[in-house]
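Just passing along the structure, written as structure tokens.
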Amino acid sequence: MRRGTWLVAMGGVLTASLCLTSASEVGASGSHTVTWFVRANPVENNWERNVAIPGFEKKYPQYHVKLIISPGGASFDEKLAALFAAGTPPDVFSHWGQSGYAAYLARNMVQPLNPYLKKYHYNISFIPPRYLNYFKVKGNLYGIPMQSGPAVLFYNRSLFEKYHVPIPPLSWSDKAWNLTTVVNDALKLTHDTSNPAKAVWGINWRPTWWYWDMGWLWNADPFNATGGPGATAAYRPGDGRVTRAYLRKGEVAALQWEEDLVTKYHVSPPQSGFQQFQTYNDPFASGRFGMEVEGIWYAHNLQTEHVTFKWGVAPWPYGPDGKDTTTTYTDPWMLGRGAKDPDGGFRLIEYLTHGQGLLGFSDVTHFFPLEPSLQNAWARSLASVQGNTLTPYQYIRMAYGGLSHGFESPNHLLVGFSKLITVWGQMATPALNGQKPALAVWKSIVSAWNQDIKAGLQ
């Protein structure tokens, strides 16, 4: 989902500057055409055109693949909806927009894969049931996941060493690695903030897609009244529809903690302070942030930027409630309902979810492949990125630790996420800039959400 470049400002979702401004199509001649709808990302698109499609067409010469490329975020969802409305749904796509699998399923845009699994004898038992269950409803499988991965903290080891700050741990069981430790480390790493040209900031906790799930560290979720994400019925596969939003103390505390990074501790710049880093795909690549929230695959960005500093990866920190529930991001390939060539589409999905097809994608994106036999190659690739200080074994340990402590991202599980996140982005910004108290902000968000829920989220 939503990755590879710095795509989000806290006022809402933005299209990456490297993405294409309009959809483009690439195809070749052949007897059967399979349409593959993807997001605009130069590295991924190069792999799709020059590696994945030739490899698939060599294996299945009766098919050729037409690549349809669209900007990500809201534009991806709009283009996808337009294709369905025009009666030309893509054969294969993933949830590369603001909406996720649950929303596409609710809109009747995906079809079950069970008949094709049986017809082509595709044994997917190598994928752990946990990840398959995200896309299974009443025994029907609507997507085959190819990758997953947890949110982690990337850290600038060069800055940690320069300012004599202890290197973060590798263990997800180390409760000394908590939000208090993160703030204390960020304070030691922050220097010269009065000079924009020299400023070094302790942390960037304004990442590309984390929002209310920060409250999970306080054992709170806004869509239930009793606990964390496990208590929210709408997050369960096949549900997806929130019935009410709640004002949770833990969510307020989480937003206040994020606000304090800017206004109380001064270890993170206000929104205006990020403008000087716009020449980078992401501020962390500038070398002037000690830590940043990111997905474990973020090394892809650092490789693209050719960073000159040493860096590493740390677990998600523990919150005040003794929780370190991170967010995981599991991405499937889905078969469009009404697709013109569903058999060809399924064969493409099969090709992309294991073996060389999946290995190639993992190698260029650094997403964690769910096929166990490919995970060592993933770890070696990640460890080879310039500046990295972790071993392949440590990356395997980091990935499995995060996945075991994680809960799947709300944008994959909720119907109407696009509307919910738009409201959050618009209303939370004043708190994150220290202009409005977190409690007042959350009251406004919950009120707006409940109005939208009553009106019906799509």
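Could you run through the range 48-67 and say how many residues are in contact (Cβ under 8 Å) with a residue 40 or more places away in the chain, surrounded by fewer than 18 Cβ atoms within 10 Å (Cβ to Cβ) and under 25 Å from the mean Cα position of the chain (by Cα)?
1
Given the conditions (1) on the phi > 0 side of the Ramachandran plot; (2) buried (at least 18 other Cβ atoms within 10 Å of the Cβ), report the number of the one that LEU358 does not fulfil.
(1)
Here is a further query. Name the helices (runs of 4 or more DSSP H) wholly inside the range 74-191 in which the number of residues that are open to solvent by less than 50 Å² (accessible area, probe 1.4 Å) and among the aromatic types (Phe, Trp, Tyr) is 1 or more.
Working: elements: 74-85, 101-106, 114-119, 129-133, 157-162, 179-189.
Where helices (runs of 4 or more DSSP H) fall fully within the range 74-191 and carry at least 1 residues being open to solvent by less than 50 Å² (accessible area, probe 1.4 Å) and among the aromatic types (Phe, Trp, Tyr), they are 74-85, 101-106, 114-119, 129-133, 157-162.
Consider HIS412 against the criteria (1) under 26 Å from GLY143 (Cβ atoms); (2) out of contact with any Phe, Trp or Tyr (no Cβ under 6 Å at 6 or more places or on another chain); (3) not basic (Lys, Arg): it satisfies all of them except one. Which criterion is unmet?
Of the numbered conditions (1) under 26 Å from GLY143 (Cβ atoms); (2) out of contact with any Phe, Trp or Tyr (no Cβ under 6 Å at 6 or more places or on another chain); (3) not basic (Lys, Arg), the odd one out for HIS412 is (2).
To continue, here is another question. Return only the number of the condition from (1) of a type outside the set (Gly, Ala, Ser); (2) crowded, with 24+ Cβ neighbours inside 10 Å; (3) in contact with a helix residue (DSSP H, G or I) (Cβ under 9 Å, 6 or more places away or on another chain); (4) farther than 17 Å from TYR298 by Cα that THR328 does not satisfy.
(4)
Of a type in the set (Gly, Ala, Ser), outside any helix (DSSP H, G or I), within 22 Å of GLY215 (Cα to Cα) and in contact with a Pro (Cβ under 9 Å, 6 or more places away or on another chain) - does that describe any residue in the range 254-275? Steps first, answer last, please.
Taking the range 254-275 first, the residues of a type in the set (Gly, Ala, Ser) are 254, 268, 272-273.
Filter once more, so that each one left must be outside any helix (DSSP H, G or I): 268.
Now restrict to residues that are within 22 Å of GLY215 (Cα to Cα): 268.
If we keep only those that are in contact with a Pro (Cβ under 9 Å, 6 or more places away or on another chain) as well, we get none.
No - not one qualifying residue is present in the range 254-275.
Give the number of residues within the range 344-364 that are outside any helix (DSSP H, G or I) and within 20 Å of VAL43 (Cβ to Cβ). Write out each step before concluding.
In the first step, residues of the range 344-364 are kept if they are outside any helix (DSSP H, G or I); the result is 353-354.
Subset that is within 20 Å of VAL43 (Cβ to Cβ): 353.
Number of matching residues: 1.
Still on this structure: Between a first residue in the range 115-141 that is touching a residue at least 40 places away in the same chain (Cβ under 8 Å) and on the phi < 0 side of the Ramachandran plot and a second residue that is charged (D, E, K, R) and assigned to a loop (DSSP other than H, G, I, E, B), which pairs have beta carbons less than 6 Å apart while being 6 or more apart in sequence or on different chains?
That search, which allows pairs on different chains as well, returns PHE126/GLU371.
Next question. Can you find, within the range 250-270, the residue that is farthest from TRP424 (Cα to Cα) among those that are open to solvent by 10 Å² or more (accessible area, probe 1.4 Å) and among the charged types (D, E, K, R)?
Selected residue: LYS264.
Can you report the number of residues in the range 68-82 which are touching a residue at least 60 places away in the same chain (Cβ under 8 Å) and aliphatic (A, V, I, L, M)?
First, the residues of the range 68-82 that are touching a residue at least 60 places away in the same chain (Cβ under 8 Å): 72-75, 77.
Filter once more, keeping what is aliphatic (A, V, I, L, M): 74.
Here the count works out to 1.
Still on this structure, please answer the following. Of (1) among the aromatic types (Phe, Trp, Tyr); (2) touching a Ser or Thr at 6+ places or on another chain (Cβ under 9 Å); (3) crowded, with 23+ Cβ neighbours inside 10 Å, PHE346 satisfies all except one. Which?
Condition not satisfied by PHE346: (2).
Of (1) more than 20 Å from PHE160 (Cα to Cα); (2) modelled with pLDDT of 95 or more, GLY312 satisfies all except one. Which?
Just one mismatch for GLY312, condition (1).
Also: Could you list, in sequence order, all residues of the range 273-296 that are buried (at least 22 other Cβ atoms within 10 Å of the Cβ), of a type outside the set (D, E, K, R) and under 16 Å from the mean Cα position of the chain (by Cα)?
VAL293, GLY295, ILE296
Among the residues of the range 192-208, count how many are open to solvent by less than 20 Å² (accessible area, probe 1.4 Å) and part of a loop (DSSP other than H, G, I, E, B). Break it down into steps so the answer makes sense when it comes.
Looking only at the range 192-208, we keep the residues that are open to solvent by less than 20 Å² (accessible area, probe 1.4 Å), and these are 199-200, 202-208.
Those still in the list that are part of a loop (DSSP other than H, G, I, E, B) too: 199, 205-208.
Going through the range 192-208 one residue at a time, the tally reaches 5.
Across the range 314-329, what is the number of residues that are touching an Asp or Glu at 6+ places or on another chain (Cβ under 6 Å) and either under 19 Å from LEU414 (Cα atoms) or not in a strand (DSSP E or B) (or both)?
Step one: list which residues in the range 314-329 are touching an Asp or Glu at 6+ places or on another chain (Cβ under 6 Å), which gives 316, 318, 327-328.
Still in the list and also either under 19 Å from LEU414 (Cα atoms) or not in a strand (DSSP E or B) (or both): 316, 327-328.
Of the residues in that region, 3 qualify.
Right, next: For the range 209-249, which positions are touching a Gly at 6+ places or on another chain (Cβ under 8 Å), under 22 Å from LYS419 (Cβ atoms), open to solvent by 10 Å² or more (accessible area, probe 1.4 Å) and not hydrophobic (A, V, I, L, M, F, W, C)?
TYR211, ARG241, ARG248
The values are calculated or read from the model by the stated rules, or taken from the named source; none is laboratory data. Note that the structure is a prediction, hence the values are computed from the model and not measured. All Cβ positions, even for glycine, are placed from backbone atoms using ideal geometry, and neighbour counts span all protein chains on display. These area figures cover heavy atoms from the full protein model, side chains too; ligands, DNA and RNA do not enter into them. Shrake-Rupley method; radii C 1.70, N 1.55, O 1.52, S 1.80 Å.
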